[in-house]
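These notes are about the structure you will find just below.
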Amino acid sequence: MLGNGVVGILSESRYKWERRVPLTPSHCARLLNGGRGKTGVTRIIVQPSTKRIHHDALYEDVGCEISDDLSECGLILGIKQPKLEMILPDRAYAFFSHTHKAQIENMPLLDKILAERATLFDYELIDGDHGKRLLTFGKFAGRVAMIDLLRGLGQRYLNLGYSTPFLSLGASYMYSSLAAAKSAVISIGEEIATNGLPSGICPLVFVFTGSGKASHGAQEIFNLLPHTFVDPSRLPEAFGTKYISSGKKFQQAHKRDARMGFKTIGSAPTRHRRVACVLHARDHVQSAQASNRVFQVYGCIVMSQDMVEQKDPTKVFDKADYYAHPEQYRPIFHEKIAPYASVIGQ
C-alpha cells in the first residue's frame, strides 16, 4: 500500500480541543493539481470532522474525498496519536506519536504499529543535514502552553482558596486569534498591576528552561504581564524568604528588588527584558503594606549551565562536553532553581 498515491487525513480524536490539520485545503490543492509525476499524489481522502479548523466542504472544493474509510490510503497523516483501530496493516503513518522516550501511556500504540508492520514517521524524529530536526516546536507551542498554564494556575489557586485574575482567562482553543488571546492576557496584566495578587501565593516565579522557539513563545505571553526578570544566580538572594503577609516582609522584599537593580517592566511586550526603569519601588512598598498584595510576577530564564555542574570542581561547564559526557556532571536544578519556582516551563 505504501506509495500507492492515495493519502489519508485523520480526524483528530485525542483531545477535544485539537482542531489542527496536517494538510490545509490549499496544500491538498497543490498536491492534487501538481500531477502524480511531480507530487506522487492521485487522491486525498479526508475523514469527516465537525471540529476541524478547515471545514469538510473546503477540502471537497479542491478535489478531496470525504470518507471515514481510509483503507485505500498508503500514507495516512495526522497531528496527535490516533485510536488504535486506525492503525492498518502495512500502511505508513505520520503524526506526533510521543513514543520515542518510551512514554508508558503510548506503548500500546507503538505495539500496535509494530504488530501491523506499519511504518511510522514521527514528526519529532525527522532530521535533516547534520542531525538537525526539520520539524520543531515553534513559538505557537509556547504561546498556547503559557495561556493554558495561566488558566490552570487560576484553577489551582482557586482550589487552594485564592481568587486571582487568572480565573478570567479562557483556554487557548477558545480564542479566535492570537490577538484575541493576547488581549485577554493583557487585561489580566492590567488587573494584576491595579489590584495585585494575594500575598499567600507570592512571589509568583515563572522559570523558563532553554532558549528555543517554544520558550520564546511562552515568554512572549509572559511579557504581557507586569513582571521582573531575575538572574538564576540571584534567586536565593531574592527569594530566600518567601513573601508573607506582614508589611515588614513586603517592604524588605521590594527594597531588595531596588537594591539589586532588578528591572521592572510593564505589561507591554518588549525586546529587552532586562532594560527599563526600575518601577517606583517605594510606591510598591506602600501599596503592599496597605493591601498585602503583590503587583507583579517574576521570570527567570535558565540554561544548561544552571541545571548541571561538573563533578570535578576544577572544571567549568561546557555544553558540548556535557552532551558528550553527561555522566561527568551532576544535577543542581533541584537545589538552585526548583525551590524558588512557582511554575516551570520550557
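The values are calculated or read from the model by the stated rules, or taken from the named source; none is laboratory data. Source: prediction; values computed, not measured. When we count neighbours, we look across all protein chains shown, and the Cβ atoms used for this are built from the backbone with ideal geometry, even at glycine. The area values use the complete protein model at the heavy-atom level, side chains included, leaving out ligands, DNA and RNA. Shrake-Rupley method; radii C 1.70, N 1.55, O 1.52, S 1.80 Å.
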Inside the range 97-119, can you point out the residues that are closer than 21 Å to Ile45 by Cβ and open to solvent by less than 50 Å² (accessible area, probe 1.4 Å)?
-> Ile113, Glu116, Ala118
Here are Val205, Val185: which of them is of a type in the set (A, V, I, L, M, F, W, C) and under 30 Å from Gln305 (Cβ atoms)?
-> Val205
Can you name the number of the only condition in (1) of a type in the set (Ser, Thr, Tyr); (2) part of a helix (DSSP H, G or I); (3) over 18 Å from the mean Cα position of the chain (by Cα); (4) surrounded by 15 or more Cβ atoms within 10 Å (Cβ to Cβ) that Tyr173 fails?
-> (3)
Identify, please: which residue in the range 182-233 is out of contact with any Phe, Trp or Tyr (no Cβ under 7 Å at 6 or more places or on another chain), among the polar types (S, T, N, Q) and over 15 Å from Ile344 (Cβ atoms) and is, among those, least open to solvent (accessible area, probe 1.4 Å)?
-> Asn223
Selected residue (only one of Leu125, Leu134, Leu149 is touching a residue at least 24 places away in the same chain (Cβ under 8 Å), within 19 Å of the chain's Cα centre (by Cα) and farther than 26 Å from Asn223 by Cα) | Leu125
Would you point out the residue of the range 1-20, among those that are touching a Cys at 6+ places or on another chain (Cβ under 9 Å) and open to solvent by less than 70 Å² (accessible area, probe 1.4 Å), that is nearest to Val144 (Cα to Cα)?
-> Ile9
If you go through the range 21-40 one residue at a time, do you hit one that is open to solvent by 50 Å² or more (accessible area, probe 1.4 Å), out of contact with any helix residue (DSSP H, G or I) (no Cβ under 8 Å at 6 or more places or on another chain) and in contact (Cβ under 8 Å) with a residue 40 or more places away in the chain?
-> no
Which pairs have Cβ atoms under 7 Å, sit 6 or more apart or on different chains, and link a residue in the range 325-344 that is assigned to a helix (DSSP H, G or I) to one that is surrounded by fewer than 11 Cβ atoms within 10 Å (Cβ to Cβ)?
-> Gln328/Lys311
Might you let me know whether the range 45-58 holds any residue that is open to solvent by 50 Å² or more (accessible area, probe 1.4 Å), farther than 29 Å from Arg117 by Cβ and either among the β-branched types (Val, Ile, Thr) or touching a Gly at 6+ places or on another chain (Cβ under 8 Å) (or both)?
-> yes
Looking only at the range 151-164, decide whether some residue is of a type in the set (Lys, Arg), open to solvent by 50 Å² or more (accessible area, probe 1.4 Å) and within 30 Å of Leu88 (Cβ to Cβ).
-> no
